[in-house]
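Just below is one structure, and these are the notes that go with it.
The values are calculated or read from the model by the stated rules, or taken from the named source; none is laboratory data. All of these numbers come straight from a predicted model, not from anything done at the bench. No Cβ is skipped: glycine too gets one built from the backbone with ideal geometry, and neighbour counts run over all protein chains shown. Heavy atoms of the whole protein, side chains included, go into the accessibility calculation; ligands, DNA and RNA do not. Shrake-Rupley method; radii C 1.70, N 1.55, O 1.52, S 1.80 Å.
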Amino acid sequence: MLGNVGRMRVADEWRPDEGLPGETAVAAAGGGTGHADARVAALCAAVARLRRELAAYPGEFRDRGVAEEELAALAATVEGGAPELVRMRRSLLLIVGSIGSVSALVPALMAVRTGVEVFAPDPVGRPRD
């Protein structure tokens, strides 16, 4: 039953008349030009994709609600205009922990991780100069 509530919650948060998820953040950041705008737009798109895939995932798992709540929090953080890396990483950790090993969601989850890490001053995996 929790899965059905979560799916309804995702559907209720976004309505077609509000534009696509992430458009608010891009507009607030200056209309879609520049490096920061591309990072915000990419993360918003990755979060929206994972939210859609999670809502469509037919299997039930205990912490689905936690994942949905943290995805909503992450989306709000990014769309707020000044994403805080520590907060985004905390949300990412909770999302990963709550989704567990649902292999069908891994590609979308990795896109969110990549989207969060580009906000780091020294992204993971990139050698320091």
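When you check residue 124 against the structure, is it modelled with pLDDT of 90 or more and surrounded by fewer than 16 Cβ atoms within 10 Å (Cβ to Cβ), yes or no? When the stated conditions are applied, residue 124 does not pass them. If you go through segment 16-30 and pick out every residue that is open to solvent by 60 Å² or more (accessible area, probe 1.4 Å) and either modelled with pLDDT of 95 or more or outside any helix (DSSP H, G or I) (or both), you end up with 1. Checking residue 96 against (1) in contact (Cβ under 8 Å) with a residue 12 or more places away in the chain; (2) in a helix (DSSP H, G or I); (3) more than 13 Å from the chain's Cα centre (by Cα), which single condition isn't satisfied? With respect to (1) in contact (Cβ under 8 Å) with a residue 12 or more places away in the chain; (2) in a helix (DSSP H, G or I); (3) more than 13 Å from the chain's Cα centre (by Cα), residue 96 is out only on (3).
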